[in-house]
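Q: Please see the structure below; I have some questions.
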């Protein structure tokens, strides 16, 4: 997930074509037609930001100071956020590159702002009328302190250098993946078993071989369905080695700089520095938590591997004792086991979930649960296929937010799934939030797994859009990182509810209903593979923590050793960390948060146990969790909603099933 004005002084409101359509409740996303637009917006935006900082420095610290401070956050969202987003999705590489250059200038401004002593001292003196004001001061103070504002002058200067360099390295890491344009060549024979819709329209090389990228609509069907082990191996290697040696070198630099940064604050590792303001508090707590997870799934993972070995032996007609399951085999044979045990074929769901109808179905789920309405409006964005929705309160009819959606893969586009929180809510100025949901789906339809992904990402967008905080600085997904995934993970389970799935007919009457039997089979199949799934997540999280505790980071030797200790082992010559963008970016020393958040998510689900579409519970969830953003600490949000302290009972019951 993650976060020019000319006459550039604000985003221009877009006229809505049809009279029946609602107007956008907030300024529209700016156009980036040519490189000059990016550069002009960048120059003007930074100039205005500096002027506002200077004015805030001179402002009297009175009852209105916190609002004035938050006005700066609003300005930065409106001017910086579009630029930092567009470098991930624009179709024109020149514009992406210009936006990346601008992003580095904004990063330089931001690191200086974080060390502004005048603003930090004023923040401490600012009058606080209630707990909401106090929480803003607490969170903002922590951000200043984490930026080095209280360090001695020499250390402060080094802290700024490190922060600026980390931004540059992270952006280059992502760019190396995004712009690689990796293609893998296959013959039609090698793609036996893969749905023809995946490759029929693909480009071919001069030998007539089919060229497939490593985007998910290409990668996943090959790994699930290709009969040829060699074809799966080539696809898996291409994906696993994304980023290459260049990214391994970048990751080593990133982790080393983070360690040095933590040392400026007196910490001997970045993990404890980074987690001290999170729910986990420190690396030891996060590690103990991860150990409880692996203890619960370790034997299951080994049992599942034996089943995969038996499935491969049967498929190839060789004795099990002579059969070795390779990493590129795991998905393929897991699908065969599920088909054999549960009669579940993920590709069989695609006809029931056309992409656009699936999006509208997911929106309808949120409408039913939380008392809102989504309406698509005509609007020109960064790509002709990108869409805009206005979000309104169902009772009052008032427009409360907007949502941008970019559904399909293309060259140069961010190739995973994520949400960017472009604008935060601020009730003090009637500011409506905006989020951008970016995925890469197969135009032929979604599997049930992909429907989970859609609901997961929509959960992040809903967190942004239904935020109703006083200050933009505490809006939506500004919560602790080890809580931020919980609202999105909570919704994943909704796709296994037959009553929920019947909402598809409300948005797409012509779509065939998913047979109840298929849903039941999928629910049963979901219980299979938990050992491998959580074992892999445990590996990712443990590697992230261990890497950030190394005095001299060595990403590949550490990964090879840790992956080599897992049941499937390590494949020499592969370099998974080169594509592990999460830990190169904002999830560095925090990837454990996915599992930590899942514990919270499963606890939140207990409130919807009787009815996943219960509007009363949904409205309470909207008001007490989503609407509060970060203006209350995450544990308090959960307690307010559940009426008790959160616990891990639901999570570990799920693991034992």
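Q: Do the conditions hold for residue 178, that is, is it over 30 Å from residue 315 (Cα atoms) and modelled with pLDDT of 95 or more? Full working, then the answer.
A: Numbers: over 30 Å from residue 315 (Cα atoms): yes; modelled with pLDDT of 95 or more: no.
No: the conditions fail for residue 178.
Q: Right, another one. Do you know which residues across region 571-584 are more than 14 Å from residue 547 (Cα to Cα) and in a loop (DSSP other than H, G, I, E, B)?
A: 571, 572, 573, 574, 575 - these are the residues of region 571-584 that are more than 14 Å from residue 547 (Cα to Cα) and in a loop (DSSP other than H, G, I, E, B).
Q: Would you kindly identify the helices (runs of 4 or more DSSP H) lying entirely within region 63-160 that contain at least 2 residues that are under 30 Å from residue 34 (Cβ atoms) and modelled with pLDDT of 95 or more?
A: 65-79, 81-86, 93-113
Q: Working carefully through the options 261, 270, 333, find the one that is surrounded by 17 or more Cβ atoms within 10 Å (Cβ to Cβ) and outside the structural domain of residue 553 (by TED's automatic domain parsing).
A: Working: 261 fails: outside the structural domain of residue 553 (by TED's automatic domain parsing); 270 fails: outside the structural domain of residue 553 (by TED's automatic domain parsing).
Matching residue, one of 261, 270, 333: 333.
Q: I need the full set of residues from region 351-366 which are surrounded by fewer than 22 Cβ atoms within 10 Å (Cβ to Cβ) and either part of a helix (DSSP H, G or I) or at pLDDT below 95 (or both), in order please.
A: Listed by number, the residues that qualify are 351, 355, 356, 357, 360, 364.
Q: Are there any pairs, at least 6 apart or on different chains, whose C-beta atoms fall under 8 Å, with the first in region 193-206 and outside the structural domain of residue 409 (by TED's automatic domain parsing) and at positive phi and the second part of a helix (DSSP H, G or I) and surrounded by 10 or more Cβ atoms within 10 Å (Cβ to Cβ), and if so, which?
A: Short answer, once both residue conditions are applied: 193/225.
Q: Scanning for something within 26 Å of the chain's Cα centre (by Cα), crowded, with 18+ Cβ neighbours inside 10 Å and either closer than 30 Å to residue 246 by Cα or at pLDDT below 95 (or both), does region 605-612 turn up at least one residue?
A: No, the conditions are met nowhere in region 605-612.
Q: What are the residues in region 520-551 that are at pLDDT 95 or above, part of a loop (DSSP other than H, G, I, E, B) and surrounded by fewer than 21 Cβ atoms within 10 Å (Cβ to Cβ), if any?
A: Result: 549, 550.
Q: Among the residues of region 615-623, is there at least one that is on the phi < 0 side of the Ramachandran plot and either assigned to a loop (DSSP other than H, G, I, E, B) or not assigned by TED's automatic domain parsing to the domain that holds residue 498 (or both)?
A: Of all residues in region 615-623, those on the phi < 0 side of the Ramachandran plot come to 615-623.
If we keep only those that are either assigned to a loop (DSSP other than H, G, I, E, B) or not assigned by TED's automatic domain parsing to the domain that holds residue 498 (or both) too, we end up with none.
No, because not a single residue in region 615-623 is on the phi < 0 side of the Ramachandran plot and either assigned to a loop (DSSP other than H, G, I, E, B) or not assigned by TED's automatic domain parsing to the domain that holds residue 498 (or both).
Q: Quick one: how many residues across region 571-593 are on the phi < 0 side of the Ramachandran plot and surrounded by 19 or more Cβ atoms within 10 Å (Cβ to Cβ)?
A: Residues of region 571-593 on the phi < 0 side of the Ramachandran plot: 571-572, 574-588, 590-593.
Now narrow it down to the ones that are surrounded by 19 or more Cβ atoms within 10 Å (Cβ to Cβ): 575-581, 583-584, 587-588, 590-593.
Qualifying residue count, region 571-593: 15.
The values are calculated or read from the model by the stated rules, or taken from the named source; none is laboratory data. All figures in this text were calculated on a predicted structure; none of them were measured in a lab. Neighbour counts run over all protein chains shown; Cβ positions are idealised from the backbone, glycine included.
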